[in-house]
1. Restricting to the stretch B:69-79, name every residue that is modelled with pLDDT under 90 and facing another protein chain (nearest Cβ under 7 Å).
2. Please note which helices (runs of 4 or more DSSP H) are completely contained in the stretch A:1-94 and include at least 2 residues that are surrounded by 14 or more Cβ atoms within 10 Å (Cβ to Cβ) and touching a Pro at 6+ places or on another chain (Cβ under 8 Å).
3. Please find, among A:28, A:16, A:97, the residue that is more than 30 Å from residue A:212 (Cβ to Cβ), among the hydroxyl-bearing types (Ser, Thr, Tyr) and under 25 Å from the mean Cα position of the chain (by Cα).
4. Condition first: touching a residue at least 24 places away in the same chain (Cβ under 8 Å) and in contact with a Leu (Cβ under 8 Å, 6 or more places away or on another chain). Now tell me which residues in the stretch A:93-125 satisfy that.
5. Taking the stretch A:8-27, which residues are at the interface with chain B (Cβ under 10 Å from one of its Cβ atoms) and closer than 18 Å to residue A:53 by Cβ?
6. Could you list, in sequence order, the residues of the stretch B:13-58 that are within 12 Å of chain A (Cβ to nearest Cβ), touching a residue at least 12 places away in the same chain (Cβ under 8 Å) and of a type in the set (D, E, K, R)?
7. How do the strands (runs of 3 or more DSSP E) wholly within the stretch B:15-85 filter down when requiring 2 or more residues that are in contact with a Leu (Cβ under 8 Å, 6 or more places away or on another chain): which remain?
Amino acid sequence: MSNLSVDQIERLYEFTSQHYVEYYDVQTELVDHLASAIEDHWQENPHQDFEVLLQKEFKKFGVFGFMNVVEERQKVMQKKYFKLIGKEILKYLKLPTIILFIITMWMVFTFITQLKYGTTILFFSFIVAIIFLLIITSIRLFKLKKAVKNGRKKLYLLEKTLLNSGQFCGLFLIPVHLFNISDYLDNTENFGNLFHLSFTLIFTIALVVLHIMINVLPSKKESILKKTYPEMNLENM
Amino acid sequence: MSNSKLYKGSLSTIILKLLAENSKMYGYEITQKVKELTQGELTITEGALYPALHKLEADGFLEVEMQKVDNRLRKYYKLTQAGTQEKVNRIEELERFIETIQGIVNPKPSLG
């Protein structure tokens, strides 16, 4: 039984990339599938043309080609990403970081209850921070894409998800009407401490989530990727 | 089978069952195994197989292992502990379903 040559494997990677699979981890699985199928055909008749067989096997993926596979994989990685955030939040709520959490809460609470325009200032700083972070993530993504383009790096789906936190930060910007709320909060005396306290809690958690997305997870990127993609260790074999 | 709609809902159950019996398998192997077991009656489409595998992996029912085979990398899927339990539940569910359908398609003649 003949196996695919290194060049043919390369051609399969190129083929998946031409069919809109940009992530190396997804490509790898599809390449092995196509290669196994082609080798099976060769077992029956070794003279069949590689390209003809490739097209034949690709057709089996249906009219949408590899799109379904990529989409499902993206959902999986997004789910994984949210789980990672959840785990980090839980870590934050333990000693010693919980002290930091309480101090932040106290500061937020003092801001919104003691300062005249406290909530407005808080929101304004929050939004400025998000815009700043969006710029950072864009730069990180740009660098990654450039490295991939130059062939210095392989693009893994989870890596892009980890660095792409900017897209989620954008979600924080959606409630622009928060400005109105902050104005309302600053000018209304009728809110009890319980309201301010719950508001403080939500705001502090939002800060922690932002910190996790922008700093904590990207700094742990390498170990997270190695755990998720054992093939990273096999590549150099 | 020409009508793939009939087995679509059972695809993940089939995958779990096969993995329970074969400890670890890769995608192409699963398609071939199903073909072999059903004498070609049932063909799992590639476009459905991988999304199903990835979903099971995300749900924590499968874990993966990579191996270098010839000059390429191969991704093997294995059942996790949760996956083994899920397999039992899903098989029971499927068996009940088959019985129910049988009751409709092929009703036993009642004595009353």
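The values are calculated or read from the model by the stated rules, or taken from the named source; none is laboratory data. These numbers were taken from a predicted model, which means no experiment stands behind them. So basically every Cβ, Gly included, is an ideal-geometry build from the backbone, and we count neighbours across all protein chains shown.
1. Step one: of the stretch B:69-79, the residues modelled with pLDDT under 90 are B:69-71.
Once the filter is applied, which keeps residues that are modelled with pLDDT under 90 and facing another protein chain (nearest Cβ under 7 Å), the stretch B:69-79 yields B:70, B:71.
2. Working: elements: A:6-18, A:24-44, A:50-59, A:67-92.
The helices (runs of 4 or more DSSP H) meeting that bar are A:67-92.
3. Values: A:28 fails: more than 30 Å from residue A:212 (Cβ to Cβ); A:97 fails: more than 30 Å from residue A:212 (Cβ to Cβ).
Selected residue: A:16, the only one of A:28, A:16, A:97 that is more than 30 Å from residue A:212 (Cβ to Cβ), among the hydroxyl-bearing types (Ser, Thr, Tyr) and under 25 Å from the mean Cα position of the chain (by Cα).
4. Hits for the stretch A:93-125 are A:101, A:104, A:105, A:108, A:109, A:112, A:119, A:123.
5. Matches in the stretch A:8-27: A:8, A:9, A:10, A:12, A:13.
6. Scanning the stretch B:13-58 gives B:46, B:55, B:57.
7. Numbers: elements: B:24-26, B:62-69, B:72-79.
Here the list reads B:62-69, B:72-79.
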